[in-house]
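J.: Quick one: the structure is below, questions incoming.
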Amino acid sequence: MSSVSTPPLETSGEDSGRQRKRGVELERAIKDATIAELACGGYGSVTIESVAARAQTGKASIYRRWPTKQELVLDSLGDLLSGPLLGAVEMQLDDKVTTRDALLTLARRISKLMTGLGGDAMRSIMGESLRDAAFCSTFECDFFDPRKQVLLRLLERGVRRGEVRPDAVSVLVPEVLAGTLIHRVVLRRKPISDAELVELIDGFVMPAVSPR
């Protein structure tokens, strides 16, 4: 009895993409897809299925890394905004960078980031925070608090340099800076010019923290 050979199964382009993505590349694709889903349809429309489809991967690949949608969303948004804040940490290593210059550079980076998909994603997250108190608490703890600490360390560096008063190392400073940018760029959807950023730092933030 003659055997009948079975032709190899064809692999779709999507499957090929799934096979190619591994490790850091796969995580980057998933996080980018999550931000895009947030920006396009808001938090309520994000599903593991929609993220998997956009990232061209399987749901299992996502669930292995992020057990819940909330963890995936917060991690993706946190990663998106970590770049400017990590830059602030790196600037502490250079004695030539003043506190004023570090804050201005940070404000410029965050403002630029918030004008794109990052702003749309942040807008959808903030909307969800208003509707869900538990989500708001998690967002505050996992997202905002760590970033406040980065800015507080930047102010503490300023104290050691004689550029910031010790009593000015307060959570109010990062809240005022972040709140101003979020209100202008995210909530009002209006870009902020570089001249306005300079005015924000030189006219409001630095006078509030500098030695009298």
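J.: Just a yes or no: is a residue in segment 186-207 touching a Gly at 6+ places or on another chain (Cβ under 6 Å) and assigned to a helix (DSSP H, G or I)?
T.: So in segment 186-207, the residues touching a Gly at 6+ places or on another chain (Cβ under 6 Å) come out as 186.
Now drop any that are not assigned to a helix (DSSP H, G or I), which leaves 186.
Yes: segment 186-207 contains one or more residues that are touching a Gly at 6+ places or on another chain (Cβ under 6 Å) and assigned to a helix (DSSP H, G or I).
J.: Which numbered condition in (1) part of a loop (DSSP other than H, G, I, E, B); (2) of a type outside the set (S, T, N, Q); (3) within 20 Å of Leu81 (Cα to Cα); (4) open to solvent by 40 Å² or more (accessible area, probe 1.4 Å) is the only one that Gly162 fails?
T.: (3)
J.: Would you check if Asp101 is charged (D, E, K, R) and either closer than 19 Å to Asp79 by Cβ or not in a helix (DSSP H, G or I) (or both)?
T.: No, not satisfied.
J.: Here's a follow-up. Give me a count of the residues in segment 58-80 that are surrounded by fewer than 20 Cβ atoms within 10 Å (Cβ to Cβ) and not basic (Lys, Arg).
T.: Selection size over segment 58-80: 11.
J.: Condition first: open to solvent by 50 Å² or more (accessible area, probe 1.4 Å) and either part of a loop (DSSP other than H, G, I, E, B) or closer than 30 Å to Asp202 by Cβ (or both). Now tell me which residues in segment 127-143 satisfy that.
T.: Asp132, Glu140
J.: Look through segment 176-198, keep the residues that are surrounded by 13 or more Cβ atoms within 10 Å (Cβ to Cβ) and more than 21 Å from the chain's Cα centre (by Cα), and return whichever of them is nearest to Leu151 (Cα to Cα).
T.: Selected residue: Val198.
J.: Hey, another quick one. Can you confirm whether Leu155 is under 16 Å from the mean Cα position of the chain (by Cα), aliphatic (A, V, I, L, M) and over 23 Å from Gln70 (Cβ atoms)? It would help to see each step written out before you state the result.
T.: Working: under 16 Å from the mean Cα position of the chain (by Cα): no; aliphatic (A, V, I, L, M): yes; over 23 Å from Gln70 (Cβ atoms): yes.
Criteria not met by Leu155.
The values are calculated or read from the model by the stated rules, or taken from the named source; none is laboratory data. The shown structure was predicted, so the numbers you read here are calculated from the model rather than taken from an experiment. Note that each Cβ is placed from the backbone with ideal geometry, even for glycine, and that neighbours are counted across all protein chains shown. Note: accessible area is taken over every heavy atom of the protein model, side chains too, but ligands, DNA and RNA are not part of it. Shrake-Rupley method; radii C 1.70, N 1.55, O 1.52, S 1.80 Å.
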